[in-house]
Structure formats: C-alpha cells, structure tokens
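Q: There's a structure below that I have some questions on.
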Amino acid sequence: MSGTFFEVRDVSKSFPGVKALDCVSMSIERGEVRALVGENGAGKSTLMKVLNGNYKADCGSLLIDGCEVHISDPTVAAQKGISIIFQELNLVSGLSIAENIFAGRLSENGKPIRWREIRKKAKQYLDRIGFDIDPKTEVGQLSVAGKQMVEIAKALSYNAQLILMDEPSASLTQNELEKLFAIIRDLKQKGIAVIYISHRLEEIFSICDTVTVMRDGQIIGTSAVKDVTKDKLVEMMVGREISQTFPQREHHIQEEVLRVENLIRKGGKAKISFNLHRGEVLGIAGLVGAGRTEAMRALYGVDYIAGGSVYVNGKKLSSSSPQAAKEAGIAFLTEDRKEEGLTIDFSIKSNIVMAKLRTIVKRAFLNNAMENRVADKYIQAIKIKTPSRNQKVLNLSGGNQQKVVVAKWFNTDSDIIIMDEPTRGIDVGAKFEIYEIINDLVSQGKAVIMISSELPEILGMSDRVLVMKSDAIVAELIGARINAVDIMNYAF
Amino acid sequence: MSDVEKSKWTRAGGWARDNTNLLLLVALIVAGALLSENFFSWTNLMNLMRRISVNGVMAIGFTMTLLVGGFDLSIGATLSMCAVLCVGIEKSSGSAALGMAAAIGAGLAMGAFNGVLMMVTRGGSGEAFLITLATGMVGTAIALTYCSGLDIYGVNAEWYKAIGQGNVASFPIAAIIWIVLMVVMQVIIKKTQFGRKMILSGANKKSAFLVGIDVNGMKLFGFTMAGLMAALAAIIMTSRTTAASPYSGNGADFDAAIASIVGGNSLVGGKGGMVQVLIGVMIYGLITNILNLTGIDSVVQYIVKGAILLLAICLDKLNRR
Amino acid sequence: MLRVKKAVMDYRIPLLALSIFVIMSLTNEYFFKPVNLTGLFESISAYGIVAIGFTFVLLCGQLDISMGSVMALTACVFMMTLPTIGFIPAMLISLVLGCVCGVITGFFVATFRLPPFIVSMTMQLAYKGIALTITGSTPVSNMHPTLLAISEVMLGPIPITFFLFLLVALVAYYVLTQTQYGRNLYVIGGNINVADNLGLHVRGHLWSVFIVQGFCAALGGIVMMTRMFSASGNLALDGPLNIIPMVIVGGTAFSGGKGGAIQTLWGVVLMNIIYNAMSMFSLQANMQEMVKGLILLLIIVADKYMENRSYKV
C-alpha cells in the first residue's frame, strides 16, 4: 500500500435525495494519466470536488504516500499538491495572467509587491508548458485554451503532484488539443499524475494510461487503456440492461406538428432546422456545451434570436417570446428546475396553476376552491408525494419537484413538450415514472423533445435522435440506427 | 417535555415567527393604552387614522414596487413634486380639480419613467435603488425649481379641504380613501389573473418569464402605481395642511419603506400584500405616536426608526428560508 | 494611427477634463479667475478624498451611500470639539469616529449579509440624525485660527488641501496596486468564487472597505471645514449625488473588480470641472441639481444596460 502515491479509500458522499459517491476506492501512481469516465451524474465531478476540498466526504479517507490527509478546503488541497482545473475556469477575467497565477500569494506580510519578479516567475511557468505569451495580458482576452494553460501554469506554481482536469477538451480546437496533450505528456515525464475526466473516448485512447469507469456513484472498474476497447467502455458506462429500465411503448408517429427553419440565436455559431411529429419522442444528444439548451431557449423565445422561424401546425409563431410559444401550444421544462421551473418559495398549488391561470378563474376572479381542485387533480394523477397542496415546493425532493413542473405544464394542455434533462438528480423510481409520463403523452398524440446527457435515456426513449455539436445539428438517427457508438462519434 | 407538547411549542414558535408583525402591533396598542388614558377614545383613534393615511397611501405604492421585485426611493420626491404642483396650479388656475389632475399626471409620469428605466436595465432591487435614488433627486430638484424653494399656501375649495380634514359619519375621509385603495389593490393582487402574474414576476422573474408572463411590463405597472399613490398621498396631505412645501416628501420614502417592511412585505419580491401594509402602517403610526408622547426628540426618533427598519430586514432575511 | 486612437481611448477621461478646462478658460472670463479656480480645487479636494474611499467599496462589488452623512457627523463633531481641545485632537477624534461609522455599517453588511443598499440608506439617515441631535439642529460655525491658517496656505490659486487629496490618492494607489490586501479586493470584486477557493478572508475584506470609506469621509469633512468653517447635520446631503458619478465616470464599475485610485482621481477632476462649468452658465441652483441628477441617472442606466442587455428579463 505504501508504494501508491495517491489513494482514495471507501469514500462516500450524499446530498439530500441522492447518493453521489458510494464507497469509492481507487489509487493512482506518480506520473500516471488516469481517465475518469462515466455518464452525467455518475459521480465524477463530485469525486473531484472531494479531492480538491470543495466537498467533505461523509466517510472514507484520502492517503498520500500511505499517510492519511484531511483536505478541508481548496487551500489545503493546494498545499498537499492537488490542483483542479474546473470546467468553469477559476480565474478573474479582469486581472493579468501573472496575477491570476499568484493571486493571494503576491507578497509576504504587507511588503510591497514586486511585480517584475511576479511576472518573471509567471513567465517561467508559462514557458515550462510552452505557452508563449506576455504575462501582463488580461485573462479575459484569452481563448478557453489559453485560460486552461494559465490554470495549468497556476497548478505548476503550487508544485502540484496531482492535477485534476474536468472536461478540459470541451471547447478546444484540434490544434489546441494537441498542445494540451503535449503538456500532459510533459507533466507525466515530471512525475505529475493527472486525472482526466472526459466524455470523448477517442482522446482517452490518445493520452491516458489507464481508465476508471464510474456509474451511479460507484467505481465499475479500472484497467489499462490498451486492454479495453471503446465499445467495452460504453458498455461499462451505460450498464447492460438498457431495455429493462424503460417502459414499453408502441410507436405511432403521425403528422408534423412543429417545424423549425434556420433558427440561430444571438451569438450562436450555426443555424438549425428540424421538425417534430405527433406521437414522437425526439431525443437531442450531444456534449455539454454543444448548444442544445441554447437552441431550445431560442426556439421558445427566452433568449434573443438572430434569425429563423418556428411553425406550429403550419402556422408561424407570432413572435419570438415565451408568451407566443405557450399560446401556440409549446411547453418548456427547463434544465434548472429550482431557479427557472418553479417559484421555489410558493406552494405546490400555486406552482401548478401558474402557467394557465384561466383554469382557476370563475366570474373574472381567481377562485380558491378551483385552485385546490386543479392542484389535487394533478397531485393524484402524477402521484406527487406531499402532505398538503399548500406545502412549499422548496421542501420537496428532486423527483417530486420535477413532477410539480410536469403538472404545471400538463395544466396548459400543450401539444409540444420540450424537456431539458428531465431526470437529472432524480432517483431511479421517480425516473421510471417520468418515462411513463412521457410515453403517455405521446400515446395521446402529443410530441416530446427530450434533451439528455444520459445516453441510456436517449437510447431507451427516443424514436429519433438529433446529435448536436457547436450549436449545429450534425446527425439525425432514426429508429433502429440509433446506437451509443454512433451518437458518441458524432457528438465530438 | 413529551413529544406532543414539544411540537405544540414549535408550532407556536413557528406561528409567532410568521406573525411577528401582528404581535408587535398588539404590543404597541397595549403600550399606547398604558401611556395615554384616552387612547381608546373615538377622537384619538380617528385622529390616528387620519394622521397615518398619508403614509398609508405611500406605503401602498412602495409595496407595489416591492412586489414586482424592486424598490422605490423616489416616492418622497414625487410626493413633494405632486404637492407643489397641485397647490400651485390650483392657485394659478383657480380650479382645484385641475390641480389634482396635474398632480396625478405628474405622479403617473414619474412612476412610468422609473418603470421604463427598470425595464431597460432589466433591474432588480439593487438597480431599483440606484435608479430611484437618482430620479428622486431629479424630482426634488423639479419641485424646488417649480416653487423656487418656497412653500405655497392657500388651498381654497371647500370640497378639496374636506378630503384631508372632513369626516363621513365621523370617520375621516382621508382614512376611507386609504382603506378603499388598499381593498382595491388587495383584490387585484390576490384575486385577479393580472395580480397573480405580478406576484409571480416579482418572486422569480425567470420562472414567470418562462410561462409567458410579461415581467418587464409588470415592473412598469408596479412603479407607475407607486407614482400614482404618491400623487394621491400628496392630494390628501395638501388638503389637510392647505399648503405645499417642496420639502414635504423628505423622508416620506423612508417612512413608507419602514411601514411596508415592518408590516411583513418582503424585500425579495412577490411576497406580501395589503394586510401587511395595514399592519405595518398602524405599527409605524403607533410608534411615532408613542415616541411623541414620551417627548423624544424628533431627530432621535429617526434613529429609532432606522434601528427598527434594520431589525425588520434581519427578520425578513431569517424568515425567507 | 491606431496607436493614437488607442491612447485617446485609454486616456479619455484626463483628456476630456483638460479639454473642458482649456475651453472654459478661453471662452469664459470668470472661469480662470483665482477665486473660481480656488473654489474648484477646494471642491476637488474635499469630494475627491471621499471618492477615494468610495472606490474601495465599489471595487469589492459593494455599495455605501452613507458617505454624505458621515461627512456631516464627523464635521459637526470636529467643529464642536475644536475650540476646546485644539486642532489635532479634534481631527483625530473625527477620523476615529469616521472609522467607527464604517465599522457599524460594515458589520451589518459583512456579518449579517444584509443588502448593502438598504443598510447604507438606513445608516445615512441614522448618522444624519445623530449629527442633527448633537448640534441641536443648528449649524456649528467657528472661524478657528488654525482652520483659517490652513485655508490661506496656497500655491497660486491651489489650496494646500489639494495636495492632501493627491497624497490620499497616491497612498490609495499604492495600497491597491502594491499590497496583497489591495489586490485581494480586485479578486473579491472580480469573481468571489475564486476568492473563496483561494481562502481569502472575504468577510474581513468586505468589512474593511467600509471602514476605509468612513475614514475618507471624515477626512473629506474636515477638509470641507477649511472652506466652509461651518458644519451642520445637513452638510453634504447631496454627497452620493456628487460622488457616485465621479467614481463611476472615472472607470470603476458597480459590478466590482475594475477601476482604481488614479481613475477615480481623474473622474473627480472631470466631474468637478463639469459642475463648475455648469455654475458658470448661471443655472439656478435647483436646475443644477436636476442636471446632476440626470447625469447620475444616465451613468447608472448606461452602466446597468451594458451589463444586462443580452438578457430579455
């Protein structure tokens, strides 16, 4: 055991309603580049945050060179030689590269800052990774790749022995990716270990030595990269019994109900066009940052658009606004149910009726009895678990909160339902219920668009799949041609 | 203690926390009764009602801005502006009705101006504070320019004076106006689709926008209402004092804010209503009354009221989650 | 050509200030007279010092509009104690009082996490109230010999207090650019998550900037006494109205993390020149207040609009 550089032993971490890490154990050697793969919600980010001190594990231990360490916050982690490069980069855009690298450590004990020295030292670290740039440059001016380099230089300046990279390649071009790989190889030579989280299996085979697969908060397995294939990895990530976790459904696809033509959001990189039919579940797959949520927000009129049109039942929407979309019969269940899907301080019943107040109006006034009846109807129909309809939504579990959002849109009797990550952060039982609801909707002749980062969901529920990348639709897979490998391939 | 007894206490504690405003009101009424023997006499109570009506109407307007997720520091300046306009035009044109119309027009204009700026900046309460701080200063300057810094005297029409000074069945007309306005607003807020949409837009602008509510339009409405209320308050006030001073609104926004927040309206938006306004205005009126009775310097009263506001905000924050 | 363009953009505030100064000097006969110039510099000194304090607050992404009342309160205390205990002790007491005001305001914001705008609004009225109480609502006037002596020390038309302002600005510049503490403020204002991850004591820093503003407000109040020789609870009622534009125009934004002492210095100079020019056009005092209010409004709306224009709500 004492030969191992870094070890995680039986670490668990739970959040209300969700067990994010379940007795996770793994060990890493110096200079090892370990890939960490798994679907969204598998626990990868949570594990990284525990290692970095952002979260405290409920139980288990972390060991460096055989000695147990207590990482209570990010500064302790940095001292112990652990640095993390988050996806949402941890930099202050208004300040220079040099200052970002040495933020908080610019001088000792109130002595004046020696900027020339700081910049010189910064340049040294930048040179070490081959990033030729003036350390005075404002970080806000850099591309994502540049910012990542700054983060790596920063990690080096803390004498990091273990660098955690969370989806580093998400916004990089091929060139920039090659440069990143060169840096990682260099770090490897210096004996620095890297944990590399990524959805992009091709990259893993290019740069990593070993790979660990996670699923539902557990470690499924670890092996050398040369001993596995992409398909094997996908199988481990996704689990074998795909068909059994999804309800059966008959596919009756009818006429077109929605058509989107050349839609592009303000600041978007590409136009999209697609259509949707009654009785159809259209899955939208892609990596985080591919632009799926942004596309739906543009469709629904939540964000400004730069062009394009949306037709419902052949009629063009009167304007690009949620009002027009809702009137035309489109419902939009957003990704962020707490901040956008619900009025979190209000009761279940007010949330359920808020999208169509007309349903509780009697003689021009809102009627309390009607509001109660409408709320009860949906609470029973979708089995929302709550002691009372007046309970604040804040106090419900994730699954029940999502059900309230569903109830709200049910109340509008919309024909087209857009769902963005409908089962995120929800337990297995509630997930199944949501799938049943979706199937029920399409069997009534409605249409569902489902954005999901969980491949099993896409595979198990969709009649047709659109794959998006960099704001554009890059592939359309229908029926029998839908499969995990193709989707992953198109996604990057 | 047994579990049943313990849960009764926690429920009582919870009720007390949710209804601190009521408890405070009761405490103040008791204090008032102790300090003054004819506290419960009809004349005294009616005088109290008359006195708090102006602040009461102002508090309605301020609350409307809170409900849409904003804040309004300019209503004091609007009060001054409308007051001098009302009396000034009444004097120069001879028609009280014209003066009133001018005041109402100015109030609506000021409120709408604030509302438009809020729409343009997509503002929340932080932006509202800064914007209304500035528009308030502009409004005060307008008031001062209009009357060259001097008070205007001389409201003539009897029916006009009756608004502030008269009674109907020995109940002050001013208070009746205030109560009627509160009832109307409460009905709108609680019982109409429009009102419900307004509350939702203040509570969470993103979720309200996603269900098709015109969040920006609601802000415009809330702030315009605040301007209108300030104008109506100005009418009541000038009819009572038969004079208008460009400084009459100084601190009136603060008074309205304290009354509204102490009564239970939340800074966070979308929570509260006219019942809270009623309680808050009465609390504020009683506190002022008691402070006056005990002979505390008016400037020290300022500080006491400031402390109360801070306490109320702390409580609001604690109650929020 | 491109480099000239960039230079103009980078130095637009000083250039604008100098241009208006030159234009006014050439076109208006009263502008360049010593009497007017002295007044201009005195105004720059008093408000400028306070503006430097406000800069610290904004850099952290906070807000404090009580600076006017703190000026009033400390100036009143200063004038009241001046005859009995002498200049230096009176000054020390006022400066300490300014810091105390900052401690109180900062306590509510940093520790209780109450919204800074409400707290400072309340404290503004509280401090003003205290000032009015202790002075019995009457102004305290005193043509104290030391004050007179100070007011007469000049370099041409420039009073010595202007150099005090320059000193304060330079010290602030040093703190903000050469000390860990100062740089931490930029991190806190720029991205508070980064600050947390770095283990900076955010609460302590936030508290400290209110104390800095309190101190500067007190110092500014004393400087004002060398010009006005009279303090009352209603002194600097339009403090925020004057000072906020000076700092924002200079280049420090409401959102925090951007700006600095030298930027504020030029913003103070520019705005005071503009206000002075306005008074040259014999605008009624109230009209001037209205124009100032509109300028403040324009600055606020422009800043917030630029920040939020990509959102629909």
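Q: Between region C:73-152 and region C:177-212, what is the separation of their alpha carbon centroids in Å?
A: Cα centroid to Cα centroid, the span is 27 Å.
Q: Cα extents of region B:38-320 along the three principal axes, largest first, in whole Å?
A: Largest first, region B:38-320 extends 53, 44, 36 Å along its Cα principal axes.
Q: So what does B:R50 come to for accessible area, using a 1.4 Å probe and Å² rounded to 10?
A: The value for B:R50 is about 40 Å².
Q: In whole angstrom, note down how far apart the Cα centers of region C:257-313 and region B:29-60 are.
A: With region C:257-313 and region B:29-60 each reduced to a Cα centre, they are spaced 44 Å.
Q: Report, in listed order, any pair from A:K316/A:K383; B:K197/B:K317; A:K316/A:K469; A:K13/A:K111 with a Cα-Cα distance greater than 31 Å.
A: Details: A:K316/A:K383 36 Å; B:K197/B:K317 24 Å; A:K316/A:K469 27 Å; A:K13/A:K111 42 Å.
In this structure, A:K316/A:K383; A:K13/A:K111 exceed 31 Å between Cα atoms.
Q: Given the protein assembly as shown, what percent of its DSSP beta bridges are antiparallel, to the nearest 5?
A: If we restrict to bridges inside the protein assembly as shown, about 60 percent are antiparallel.
Q: At q = 0.09 Å⁻¹, what is the log10 ratio I(q)/I(0) for chain A, with the Debye formula run over Cα points and no solvent?
A: Reported log10 I(q)/I(0), two decimals: -0.71.
Q: Just to check, using Stokes-Einstein with a Kirkwood Rh over alpha carbon pairs, what's the diffusion coefficient of region A:243-491 at 25 °C and 0.890 mPa s in µm²/s? Can you show the working numbers first?
A: On the way: Rh = 18.5 Å.
Translational D for this selection: 132 µm²/s.
Q: Classify the protein assembly as shown from the C-alpha gyration tensor, please: rounded if a/c falls under 1.5, else prolate or oblate depending on whether a/b exceeds b/c.
A: oblate
Q: Considering every residue in C:120-131, what mean count of other chain Cβ atoms within 10 Å of its Cβ is obtained?
A: 5
Q: Taking every Cα atom in region C:39-270, find the radius of gyration and the maximum pairwise distance Dmax, and write them in Å.
A: Both quantities, over Cα of region C:39-270: 17.0, 54 Å.
Q: Quote the total accessible area buried by chains C and A together, excluding ligands, DNA and RNA, probe 1.4 Å, nearest 100 Å². Intermediate values should be presented prior to the final figure.
A: Numbers: alone 15290 and 22770 Å², together 36290 Å².
About 1800 Å² of accessible surface is lost on pairing.
Q: Also, I was wondering about something else. Connecting C-alpha atoms closer than 10 Å in a GNM of chain C, tell me which of C:S45, C:S69, C:S25 has the biggest fluctuation.
A: Looking only at C:S45, C:S69, C:S25, the biggest GNM fluctuation is shown by C:S25.
Q: To the nearest 0.05, what FRET efficiency results for A:I478 and A:R259 with a Förster distance of 22 Å applied to their C-beta separation?
A: Calculated value: 0.80.
Q: Could you rank C:W207, A:W409 by how accessible they are, 1.4 Å probe, largest area first?
A: Greatest to least solvent exposure: C:W207, A:W409.
Q: Normalized C-alpha radius of gyration of region A:6-238, against 2.2 N^0.38 Å?
A: The reported ratio for this selection is 1.02.
Q: Oh, and also: Using only DSSP helix segments of four residues or longer, with each worth -39500 (n - 2.57), what per-residue ellipticity at 222 nm results for chain A after dividing by its residue count and rounding to 500?
A: Here the helix-only value at 222 nm equals -9500 deg cm²/dmol.
Q: Follow-up. Between C:L26 and B:S148, how many nm apart are label points set 7 Å from Cα along the C-beta direction?
A: 3.8 nm
Q: Same structure, new question: Give A:K315/A:K403; A:K19/A:K431; A:K19/A:K403 a once-over and call out the pairs whose C-alpha atoms are over 22 Å from each other. Intermediate values should be presented prior to the final figure.
A: Working: A:K315/A:K403 31 Å; A:K19/A:K431 15 Å; A:K19/A:K403 20 Å.
In this structure, A:K315/A:K403 exceed 22 Å between Cα atoms.
Q: I'd like the FRET efficiency for C:F281 and A:K385, computed as 1/(1 + (r/R0)^6) with the beta carbon distance as r and R0 of 56 Å, rounded to 0.05.
A: Working: r = 71 Å, r/R0 = 1.27.
Once the sixth-power term is evaluated, E becomes 0.20.
Q: Now a separate question. Could you compute the net charge surrounding B:T63? Neighbours are other residues with a C-beta less than 14 Å from the C-beta of B:T63; K and R count +1, D and E count -1.
A: Taking every Cβ under 14 Å from that of B:T63, the sum is -2.
Q: Using a Gaussian network model of chain B whose springs link C-alpha atoms within less than 10 Å, name the residue from B:L311, B:L108, B:L210 with the highest mean-square fluctuation.
A: Checking each option, the largest mean-square fluctuation is seen for B:L210.
Q: Using a cut-off of 18 Å between alpha-carbon atoms, which lysines can reach A:K123, once sequence neighbours fewer than 8 places away in the same chain are excluded?
A: Answer for A:K123, where 18 Å is the Cα cut-off: A:K136, A:K147, A:K154, A:K179, listed by chain and number.
Q: Considering only B:G94, B:G13, B:G115, give the residue with the highest GNM mean-square fluctuation for chain B, with springs between Cα atoms whenever their separation is below 10 Å.
A: In the Gaussian network model the winner is B:G13.
Q: Please list A:W115, B:W15 in order of solvent-accessible area, largest first, computed with a 1.4 Å probe with all protein chains present.
A: So the residues, ranked largest to smallest area, are B:W15, A:W115.
Q: Any idea what the relative contact order of region A:6-238 is, in percent, if you count C-alpha pairs under 8 Å spaced at least 6 apart? Write down the numbers at each step before the final one.
A: Values: 436 pairs, mean separation 67.4, N = 233.
The value is 29 percent.
Q: Could you give me the ³J(HN,Hα) list for region B:290-301, computed from phi with Karplus coefficients 6.51, -1.76, 1.60 and θ = phi - 60°, whole Hz, x at Gly and Pro?
A: For region B:290-301, the Karplus curve yields 5, 4, 5, 4, 7, x, 6, 3, 5, 6, 5, 4 Hz.
Q: Okay, next question. Cα centroid distance between region C:24-55 and region A:438-492, in Å?
A: 68 Å
Q: By how many nm would the segment from B:S298 to B:L315 lengthen if fully extended, with 0.36 nm per residue of separation less the alpha-carbon distance?
A: Using 0.36 nm per residue and subtracting the Cα-Cα distance, I get 3.6 nm.
Q: Which whole-number percentage describes the relative contact order of chain C, with Cα contacts under 8 Å and a sequence gap of 6 or more? Present the calculation step by step, with values, prior to reporting the outcome.
A: On the way: 479 pairs, mean separation 107.8, N = 313.
The value is 34 percent.
Q: Explain nothing, just the number: dipole magnitude of the protein assembly as shown about its Cα centre with +1 on each Lys and Arg Cβ and -1 on each Asp and Glu Cβ, in debye rounded to the nearest 20.
A: 840 debye
Q: Below 15 angstrom from the Cβ of A:G267, what's the summed charge of the other residues (Lys, Arg +1; Asp, Glu -1)?
A: After counting each charged neighbour, the total is +4.
Q: Separate question: Express in Å², to the nearest 10, the accessible area of A:E203 obtained by rolling a 1.4 Å probe over the protein heavy atoms while all chains stay in place.
A: Number for this one is 10 Å².
Q: When the solvent-accessible surface of protein heavy atoms is calculated with a 1.4 angstrom probe, in what order do B:Y302, B:Y153 fall, highest first?
A: Largest to smallest exposure gives the sequence B:Y153, B:Y302.
Q: State the extension gain, in nm to one decimal, for the chain segment bounded by B:W42 and B:W159, taking 0.36 nm per residue of separation less the distance between their alpha-carbons. Walk me through the intermediate numbers first.
A: On the way: separation 117, 0.36 × 117 = 42.12 nm, distance 2.41 nm.
That works out to 39.7 nm of additional length.
Q: With every protein chain in place, what's the accessible area of C:V35 (1.4 Å probe, Å², nearest 10)?
A: Looks like 130 Å² after rounding.
Q: Right, something else. Out of the DSSP beta bridges found with both residues in region A:243-491, what percent are antiparallel (nearest 5)? Could the numbers behind the result be given before it?
A: Numbers: 22 of 40 bridges.
Looking only at bridges with both residues in region A:243-491, the antiparallel portion is about 55 percent.
Q: Could you compute the net charge surrounding C:H205? Neighbours are other residues with a C-beta less than 15 Å from the C-beta of C:H205; K and R count +1, D and E count -1.
A: With Lys, Arg at +1 and Asp, Glu at -1, the neighbours total +1.
Q: Counting DSSP beta bridges in chain A, what percent are antiparallel, to the nearest 5? Can you show the working numbers first?
A: Working: 44 of 79 bridges.
DSSP beta bridges in chain A are roughly 55 percent antiparallel.
Q: I'd like the projected area of region B:35-115, averaged over all directions, using the convex hull of its alpha carbons. Report it in nm² with one decimal.
A: Taking a quarter of the hull surface, the average projection is 7.6 nm².
The values are calculated or read from the model by the stated rules, or taken from the named source; none is laboratory data. Worth saying up front: this structure is predicted, and the values here are computed from it rather than measured. Because the Cβ atoms are built from the backbone with ideal geometry, glycine has one as well, and the counts that use them run over all protein chains shown. Protein only, heavy atoms only, side chains kept; ligands, DNA and RNA dropped before computing areas. Shrake-Rupley method; radii C 1.70, N 1.55, O 1.52, S 1.80 Å.
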